[in-house]
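To start, the structure under review is shown below, and the notes come after it.
The values are calculated or read from the model by the stated rules, or taken from the named source; none is laboratory data. Bear in mind the structure is a predicted one, so any value in this text is a computation, not a measurement. Note that we place each Cβ from the backbone using ideal geometry, even for glycine, and neighbour counts take in every protein chain shown.
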Amino acid sequence: MKLYSIDTGYFKLDGGAMFGVVPKSIWQRLNPPDENNLCSWALRCLLIEDGDRLILIDNGMGNKQDAKFFGHYHLHGSETLDGSLEKHGFHRDDVTDVLLTHLHFDHCGGSIERSSQGMLVPAFRNAVYWSNPRHWKWATEPNEREKASFLKENILPIEQSGQLRMVEVASETTFTGNISIRFVNGHTDAMMIPHINYNGKVVVFMADLLPSVGHIPIPYVMAYDMFPLTTLQEKKDFLQNALDNQYILFFEHDPAYECCSLQLTEKGIRGGPGFLLSDI
Ligand SMILES: [Zn+2]
């Protein structure tokens, strides 16, 4: 089994929205904003070579939206999904499974591309795509507050292609012998947090439970979260468990750090020094 970090570039989001109730005088030190208060965030995915399966967790924003959309989100950086796969000797056609933690556009936008005839088609033609029944319903019948994050063109063609499969929602679901999935509900309903057994350690794909190292302190909850008090409790439970078991946290959105482990300080549980997935 092997793990590879797959960088698909960076995008920008409002720093205030990303740090919720935390004042700018504090968060601006964690991720310095530009003149419009926007901060750069990574779109970092995880590729898992597990026996004869090649599993990609999330796939960034994709590139099929129009200039107006990208004008809001400022996709930048030289890394691309295809380039990052190629760096490790893979092609998107090699991917057997695409596991979507949730269906917000910055996590699943790369799932569907526009064909030369202008059709919306799966970007991973040999893969099955995994969601779960609760989140699928939540995303396809969206509430007004979250609607702008669930783009129909990213989601519906997956089902229409016949390549959609569902993970069972339980307190802990086995995905493969080496990968289990836990569910959290504060950021959005039934977001999947993959836990991967790797070289005697557990690597956790944090998705939007902890988008960056700066989000480890308990009150640092994104304004985007649907149920912030649920996130608060889920963070507390996760961080204690992760500290006790020395989990390695893999960050999807941290612009600088791929991974860190946790340490107990006088202020509470905090991230230790950052490191690369390839260092494990
Ligand atoms: Zn999200």
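Brief remarks follow.
- The residue that is nearest to Gly62 (Cα to Cα), among those in region 93-119 that are more than 16 Å from the ligand (Cβ to nearest atom) and of a type in the set (Asp, Glu), is Glu113.
- Test for Thr80: is it of a type in the set (Val, Ile, Thr), more than 16 Å from the ligand (Cβ to nearest atom) and on the phi < 0 side of the Ramachandran plot: yes
- Applying the criterion of being modelled with pLDDT of 95 or more and of a type in the set (A, V, I, L, M, F, W, C) to the residues of region 60-98, the residue that is surrounded by the fewest Cβ atoms within 10 Å (Cβ to Cβ) is Phe90.
- Residue match in region 34-54 (condition: in a loop (DSSP other than H, G, I, E, B), buried (at least 20 other Cβ atoms within 10 Å of the Cβ) and in contact with a His (Cβ under 8 Å, 6 or more places away or on another chain)): no
- Only one of the listed residues (Lys68, Lys137, Lys147) is basic (Lys, Arg) and closer than 29 Å to Thr176 by Cα. That residue is Lys137.
- Across region 250-271, not a single residue is classified as among the acidic types (Asp, Glu), away from the ligand (no atom under 16 Å from the Cβ), closer than 26 Å to Trp130 by Cβ and surrounded by fewer than 16 Cβ atoms within 10 Å (Cβ to Cβ).
- Candidates in region 175-221 are the residues that are buried (at least 19 other Cβ atoms within 10 Å of the Cβ) and over 18 Å from Leu249 (Cα atoms); of these, the one that is farthest from the ligand (Cβ to nearest atom) is Phe175.
- When the residues of region 140-174 are filtered to those that are among the small types (Gly, Ala, Ser) and closer than 23 Å to Thr96 by Cα, the one that is farthest from the ligand (Cβ to nearest atom) is Gly162.
- Residue list for region 150-162, filter: under 20 Å from Met192 (Cβ atoms) and crowded, with 18+ Cβ neighbours inside 10 Å: Phe150, Leu151, Asn154, Ile155, Ile158
Yes/no matrix, rows are residues, columns are (1) under 17 Å from Ile193 (Cα atoms); (2) hydroxyl-bearing (Ser, Thr, Tyr); (3) in contact with a Gly (Cβ under 9 Å, 6 or more places away or on another chain):
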site	(1), (2), (3)
Tyr220	no, yes, yes
Thr230	yes, yes, yes
Phe238	yes, no, no
Ala242	yes, no, no
Asn245	yes, no, no
Leu249	yes, no, yes
